[in-house]
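Take a look at the structure set out below.
The values are calculated or read from the model by the stated rules, or taken from the named source; none is laboratory data. The shown structure was predicted, so the numbers you read here are calculated from the model rather than taken from an experiment. Please note: Cβ atoms are built from the backbone with ideal geometry, for glycine as well, and neighbour counts cover all protein chains shown. These area figures cover heavy atoms from the full protein model, side chains too; ligands, DNA and RNA do not enter into them. Shrake-Rupley method; radii C 1.70, N 1.55, O 1.52, S 1.80 Å.
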There are 2 protein chains.
Amino acid sequence: MDLPTVKVERLYRQISNILITYIRDGHFAPGQLLPGERDLAKQLGVSRSSVREALIALEINGWVDIRTGHGVYVAQKLPDETEVPANEEVGVESLMEARGVIEGEIAAMAAKKATESQLAEMAGLIEAMEAEIGDRAAFHDHDRRFHALISAMTGNPVFVEITDLLWKKRQSPHYTEFEKQYSGEAVARSMCTDHRAILDALRARDGKAAKSVMQKHIRNAQSKLFGARAR
Amino acid sequence: MDLPTVKVERLYRQISNILITYIRDGHFAPGQLLPGERDLAKQLGVSRSSVREALIALEINGWVDIRTGHGVYVAQKLPDETEVPANEEVGVESLMEARGVIEGEIAAMAAKKATESQLAEMAGLIEAMEAEIGDRAAFHDHDRRFHALISAMTGNPVFVEITDLLWKKRQSPHYTEFEKQYSGEAVARSMCTDHRAILDALRARDGKAAKSVMQKHIRNAQSKLFGARAR
DNA sequence: ATGGTCTACTGGCCGGACCAGTGGACCAAC
DNA sequence: GTTGGTCCACTGGTCCGGCCAGTAGACCAT
């Protein structure tokens, strides 16, 4: 038997949901002044405390703008409804496929735009990484910085942000579990080799090579870290 | 003269900041039970109401887990400190460059993976769009759905999410101002032509063509919507 | 071992009180 | 007419004390 769990939704949640519905449906237009807290409490049949808690929830999520002595105004620019889908769980294959395509292109672009100082920074990064084989956390962090640096080389902040997004998707518990196998020093060493190959391609300003080496690197990572489901 | 604005921080904000600091500094470990609301109020020298408001703020942001009858627990997984970097303003050139590269690749992949029903859906979408030349809002929305559909064709949720992110970056007030020139029916008609060309390439399962047509489309959009800074 | 009861917690909610910020109405002085 | 006071009717901000409901553990009778 599988009884449904009874839910008791806290009052402030109910109230804020009601208000959000009203705002979204246009009963309260952006910029409009809401009824006072006392009125809302009376109309909703709850105490003023609960209304205040609901309003604070709305304020935090950007639905309203509370101004002391004035009242509560509906926000001019309504917040994203997306409700923090933040780290939606996503399959290893999907993630790695996307990384291969996107980071491959980024590497190609980086080969053409990287400055000498960035290339030098990357060389230092790789050396530090090689010195840290064994320390999983430090290694992991350097790996992240390596990929972030490549996107920075494009000079395009959008690529930086997307690389960051891709990396974050790898932080979910589901993944970190897989990465226990990360421990193997052989794996770490192989990744360093990949990184060096990428650096070489960047230095040679060879976009095509950078792209293919990067894609190879990501396929390696997939098969070695998350099992051999790579194509 | 440029006097600084005096700030009066609301109590619940101060309290939650204090608690966040304590949690982050490890005085309250993840999973640990916090002092009761009454104790906190006494220790902080404020009323229980204010403490409750602060706790609700923390709960919304995922710092704590409030359980009726038990107490308030520090969350196991502390929330991202990233504090809504959400829609960082970004230059038109950067955004369009990124879109060209990424959506180009996506289109190429979509050409290989799109199902017949998705292609049919896209055809319908284009027709609807052509019927709406003139209605800016509806047109804009259909445009978004068009690009979202292409990423859905890849069958990879990561691409869908990234396309969504790219689109959101276009919503900032800075951009929507530019898009006033959107009004021109000639521009709208030209975009429909581009969309049709993309659909043709997808139907032909020609990844290379899909990619180049998509990139051309995005360059067109840049020059026509945001001025002719395209290369 | 089981199941009831009591009790001492916890958060959830209430309503009334007072304080502080705000802006408009009003008025006197210049 | 403009300026600057005073007053007042609002608003949200904060506090208090009370009561309810959910919880867990101690205790006890079965």
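Tell me, what does the Kirkwood hydrodynamic radius of region A:92-226 come to in angstroms if you use every pair of distinct C-alpha atoms?
14.7
With a Förster radius of 22 Å, plug the Cβ-Cβ distance of B:Gln171 and B:Arg136 into 1/(1 + (r/R0)^6) and report the FRET value to the nearest 0.05.
So, using R0 = 22 Å, E works out to roughly 0.95.
Ordering A:Thr68, A:Thr115 by how much accessible area each has at a 1.4 Å probe, largest first, what is the list?
Ranking A:Thr68, A:Thr115 by accessible area, largest first, yields A:Thr68, A:Thr115.
Assuming R0 = 60 Å, can you tell me the calculated FRET efficiency for the pair A:Thr115 and B:Asn17, based on Cβ-Cβ distance, to the nearest 0.05?
0.90
Two-decimal Rg/Rh of region B:97-172 from alpha-carbon positions, Kirkwood Rh?
That ratio equals 0.98.
Roughly how big is the B-A contact, given as buried accessible area in Å² (both sides, 1.4 Å probe, nearest 100)?
3000
For the pair A:Ala148 and A:Ala204, what calculated FRET efficiency results from E = 1/(1 + (r/R0)^6), where r is the Cβ-Cβ distance and R0 = 25 Å, to the nearest 0.05?
0.70
Give the accessible surface of region A:116-174 per residue, rounded to a whole number of Å², with probe radius 1.4 Å and ligands, DNA and RNA excluded.
Spelled out: the 1.4 Å probe surface of region A:116-174, per residue, equals 40 Å².
Accessible area of chain B with a 1.4 Å probe: how many percent of it is carbon plus sulfur?
The nonpolar share, carbon plus sulfur, comes to 52 percent.
Hey, what's region A:11-74 come to in accessible area per residue, 1.4 Å probe, Å²?
52
If the reach is capped at under 19 angstrom between alpha carbons, list the lysines near B:Lys211, excluding any in the same chain fewer than eight residues apart.
A:Lys208, A:Lys211, B:Lys112, B:Lys113
So if the hydrodynamic radius of region B:11-74 is defined as the Kirkwood radius over C-alpha pairs, what does Stokes-Einstein give as its diffusion coefficient at 20 °C and 1.002 mPa s, in µm² per second?
187
Would you pull out the residues with amide H under 5 Å of A:Val64's amide H, same chain only if 5 or more places away, H placed 1.01 Å from N?
A:Glu59, A:Ala75
Give me the log10 of I(q) over I(0) for chain B at q = 0.12 Å⁻¹, as the Debye formula computes it from C-alpha points; what are the numbers?
With no solvent term, the Cα-only Debye profile gives -0.76.
List for region A:122-162: residues with 20 Å² or greater reduction in accessible area, all protein chains versus chain alone, probe 1.4 Å?
In region A:122-162, residues shielded by partner chains: A:Asn156, A:Pro157, A:Val158, A:Phe159, A:Glu161, A:Ile162.
Defining the label point at 7 Å along Cα→Cβ, can you sort the distances from A:Gln32 to the same site in each other copy, shortest first, in nm?
The answer, with the shortest distance listed first, is 4.7 nm.
What whole-number volume per residue, in cubic angstrom, does the convex hull of the C-alpha atoms of the protein assembly as shown give?
It is 230 Å³ per residue.
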